[in-house]
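Visitor: Handing you a structure now.
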Amino acid sequence: MLGQLVGPDIVELIASRQFGELRAAIGSLSPDVVAEIFTDMSPEDVAVIFRVLPREFAADIFEYLPFETQEDLLHSLGQEQVASVLDEMAPDDRTALLEELPGAVTQRLLTLLSPDERRIATQLLGYPPESIGRRMTPDYVAVRADWTVAQVLEHIRKVGRDKETLNVMYVTDERGRLLDDIRLRELVLADPATRLIDMMDRQFYALRADQDQEEAVKEFSRLDRVALPVVDSTGLLVGMVTVDDVLDVVQEEVTEDVQKMAAVEALDAPYLTVSLATMVRKRVGWLALLLLGQMVTVRAVRYFGTQIDRAIVLSFLMPLILSSGGNSGSQTASLVIRALSTGELHVRDWLRVLLREVASGLALGSMLALIAALAFLVIPPGEEHVGRVALTVGLALISVVVYGTFLGAMLPLVLSRLGFDPAVSSTPFVATIADASGIVIYFAIAMLMLRGTLL
């Protein structure tokens, strides 16, 4: 089997992307034999094969490799060539392939690579694009439980100069699993002869490498920490995330939400660096959708054309009605979306939100109706049956505002329940739906109130 696999056979399997066959063939060998095969291959091909193998088997092979070969392999895992090979795979095959590397390999890999190579490596580790794994840094201080405070402080003096933060140290066992975190303040105030194991309470919180970065924002806010450790699925310490990284996430998420609420796809880049073509592409889809939505409004106006011809005053007052419904819906949508994003509100609170917004809509609609009635007294519309027209407008205002607030509250919650970003229920989208529905509500009330008079 060894003779059959050495040389062009393996390279051909890699080139033809036959990873299943490659995995089965190499998996039938012992780790020391595979390590021997790897010594005769290029680091890039070894890196691809290494990702194909089961996690435990890959860890065993890694231990048999000479130190120089290990470093070559780690560098190759952070290179574009390996990324391009994996990018060409079918999505389902790639998902199955991109399991976490063995924890010890991950630790050395992230420490060894340059920032650019590290960025590529985090992609090859299989961490989702919006995960903590993409944000973490390996520049932390790890110490052992059996060390004394004096030994820890000496270790900090040796390695701490290039670390991200020295506010907290992470205690690990001999295999690198996280046991506890110790703050620098505790070390400075402790007796130098005290061992860390006697100071540990094992009360710590760690983020998972595959955890969504928005969850990390909430945890930093809840725990009031400047840094949090990151572990893999086995509890092995692979990195840390600091509060400044989280602040970057907050800024990016808020920017994305604001852009989506304005009916623009997330730009994913500073405004002035986005090309004109990209800017147009990001905006045209929503604008086209909103245009089609307004077509419904046009059809509704046309449907009630006879009523408009009989009572032209209804057309004069139509913008007043529609803008009120759209504006109230946009207000509510903005409030609900923000409350969802900050965790103040959850989908399970939908009934409370519904009752609250219906009550708000009734109050707001009544106030607007009163303002409109006063305006009718000061500036009469110049039509007969002013009283009936004023009552029609008042009832229509109350109805469309209640409907707008209902729509603005429920649409983000429904989208969130379905797993979509509630920010896509943008304020222009809510306003467009409210416009089309508002016309129907307005003329339905007008036909009821003005029958036998203007209609």
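Visitor: Scan Ala206, Ala277, Ala300 and give me the residue that is more than 18 Å from the chain's Cα centre (by Cα), at pLDDT 80 or above and outside the structural domain of Glu164 (by TED's automatic domain parsing). Break it down into steps so the answer makes sense when it comes.
Guide: Working: Ala206 fails: outside the structural domain of Glu164 (by TED's automatic domain parsing); Ala300 fails: at pLDDT 80 or above.
Selected residue: Ala277, the only one of Ala206, Ala277, Ala300 that is more than 18 Å from the chain's Cα centre (by Cα), at pLDDT 80 or above and outside the structural domain of Glu164 (by TED's automatic domain parsing).
Visitor: If you take the residues of segment 45-71 that are crowded, with 18+ Cβ neighbours inside 10 Å and among the charged types (D, E, K, R), which of them is modelled with the lowest pLDDT?
Guide: Arg51
Visitor: Of all residues in segment 335-379 being in contact with a Pro (Cβ under 7 Å, 6 or more places away or on another chain) and under 22 Å from Gly325 (Cβ atoms), which is surrounded by the most Cβ atoms within 10 Å (Cβ to Cβ)?
Guide: Checked segment 335-379; the qualifying residue surrounded by the most Cβ atoms within 10 Å (Cβ to Cβ) is Ile337.
Visitor: Out of the residues in segment 257-266 that are out of contact with any Lys or Arg (no Cβ under 6 Å at 6 or more places or on another chain) and either in a loop (DSSP other than H, G, I, E, B) or among the hydrophobic types (A, V, I, L, M, F, W, C) (or both), state the one that is modelled with the highest pLDDT. Before the answer, list the steps.
Guide: Step one: of segment 257-266, the residues out of contact with any Lys or Arg (no Cβ under 6 Å at 6 or more places or on another chain) are 257-263, 266.
With the extra rule that they be either in a loop (DSSP other than H, G, I, E, B) or among the hydrophobic types (A, V, I, L, M, F, W, C) (or both), the set shrinks to 258, 261-263, 266.
On the way: Val258: 73, Met261: 67, Ala262: 65, Ala263: 61, Ala266: 68.
Looking at residues that are out of contact with any Lys or Arg (no Cβ under 6 Å at 6 or more places or on another chain) and either in a loop (DSSP other than H, G, I, E, B) or among the hydrophobic types (A, V, I, L, M, F, W, C) (or both), I get Val258.
Visitor: Moving on to the next point. So which of Ala150, Ala145 is surrounded by fewer than 17 Cβ atoms within 10 Å (Cβ to Cβ), at pLDDT 85 or above and hydrophobic (A, V, I, L, M, F, W, C)?
Guide: Details: Ala145 fails: surrounded by fewer than 17 Cβ atoms within 10 Å (Cβ to Cβ).
Residue meeting the stated conditions: Ala150.
Visitor: Scan segment 342-358 and report the pairs whose first residue is of a type in the set (A, V, I, L, M, F, W, C) and whose second residue is exposed (fewer than 15 other Cβ atoms within 10 Å of the Cβ), with Cβ atoms within less than 7 Å and a gap of 6+ or a chain change.
Guide: Every condition considered, the pairs that remain are Val347/Arg417.
Visitor: State all residues of segment 331-369 that are assigned to a helix (DSSP H, G or I) and charged (D, E, K, R); if no residue qualifies, say none. Write out each step before concluding.
Guide: Looking only at segment 331-369, we keep the residues that are assigned to a helix (DSSP H, G or I), and these are 331-342, 347-369.
Of everything in segment 331-369, those that are assigned to a helix (DSSP H, G or I) and charged (D, E, K, R) turn out to be Arg338, Arg348, Asp349, Arg352, Arg356, Glu357.
Visitor: Next question, about the same structure. Pairs, please: C-beta under 6 Å, at least 6 apart or cross-chain, first residue in the same structural domain as Asp32 (by TED's automatic domain parsing) and in segment 54-79, second modelled with pLDDT of 70 or more and surrounded by fewer than 14 Cβ atoms within 10 Å (Cβ to Cβ)?
Guide: Filtered contacts from segment 54-79: Tyr64/Asp32.
Visitor: Check Thr165, Thr137 and return the single one that is under 15 Å from Gly239 (Cα atoms) and not assigned by TED's automatic domain parsing to the domain that holds Gly235. Working first, answer last.
Guide: Values: Thr165 fails: not assigned by TED's automatic domain parsing to the domain that holds Gly235.
Just a single option satisfies the conditions, and that option is Thr137.
Visitor: Which numbered condition in (1) modelled with pLDDT under 85; (2) farther than 30 Å from Leu345 by Cβ; (3) of a type outside the set (Gly, Ala, Ser); (4) in the same structural domain as Trp286 (by TED's automatic domain parsing) is the only one that Leu455 fails?
Guide: Only one criterion is unmet by Leu455, namely (4).
Visitor: Take the conditions buried (at least 24 other Cβ atoms within 10 Å of the Cβ), assigned to a helix (DSSP H, G or I), aromatic (Phe, Trp, Tyr) and at pLDDT 80 or above and apply them to Tyr442. Does it pass?
Guide: Details: buried (at least 24 other Cβ atoms within 10 Å of the Cβ): yes; assigned to a helix (DSSP H, G or I): yes; aromatic (Phe, Trp, Tyr): yes; at pLDDT 80 or above: yes.
Here the answer is yes, as Tyr442 does meet what is asked.
Visitor: A further question follows. State whether the residues of segment 175-184 include one that is surrounded by fewer than 21 Cβ atoms within 10 Å (Cβ to Cβ), assigned to a strand (DSSP E or B) and not assigned by TED's automatic domain parsing to the domain that holds Gln213.
Guide: Looking for residues that are surrounded by fewer than 21 Cβ atoms within 10 Å (Cβ to Cβ), assigned to a strand (DSSP E or B) and not assigned by TED's automatic domain parsing to the domain that holds Gln213, one finds none in segment 175-184, hence no.
Visitor: Can Ala288 be described as surrounded by 12 or more Cβ atoms within 10 Å (Cβ to Cβ), without any contact (Cβ under 8 Å) to a residue 40 or more places away in the chain and either outside the structural domain of Gly408 (by TED's automatic domain parsing) or over 13 Å from Phe406 (Cα atoms) (or both)? Don't jump to the end; show me each part of the working.
Guide: On the way: surrounded by 12 or more Cβ atoms within 10 Å (Cβ to Cβ): no; without any contact (Cβ under 8 Å) to a residue 40 or more places away in the chain: yes; either outside the structural domain of Gly408 (by TED's automatic domain parsing) or over 13 Å from Phe406 (Cα atoms) (or both): yes.
When the stated conditions are applied, Ala288 does not pass them.
Visitor: List pairs: first in segment 19-46 and within 14 Å of Leu65 (Cβ to Cβ), second among the aromatic types (Phe, Trp, Tyr), Cβ under 7 Å, 6+ apart or cross-chain?
Guide: Filtered contacts from segment 19-46: Pro31/Phe57; Pro31/Tyr64; Asp32/Tyr64; Ala35/Tyr64; Val46/Phe38.
Visitor: Sticking with this structure for a sec: Could you say which residue among Asp435, Asp421 is more than 30 Å from Glu215 (Cα to Cα) and acidic (Asp, Glu)? Before the answer, list the steps.
Guide: Working: Asp421 fails: more than 30 Å from Glu215 (Cα to Cα).
Testing whether each residue is more than 30 Å from Glu215 (Cα to Cα) and acidic (Asp, Glu) leaves just Asp435.
The values are calculated or read from the model by the stated rules, or taken from the named source; none is laboratory data. These figures come from a predicted structure and were not determined experimentally. A quick note on method: Cβ atoms are made from the backbone with ideal geometry, for glycine too, and the neighbour counts reach across all protein chains shown.
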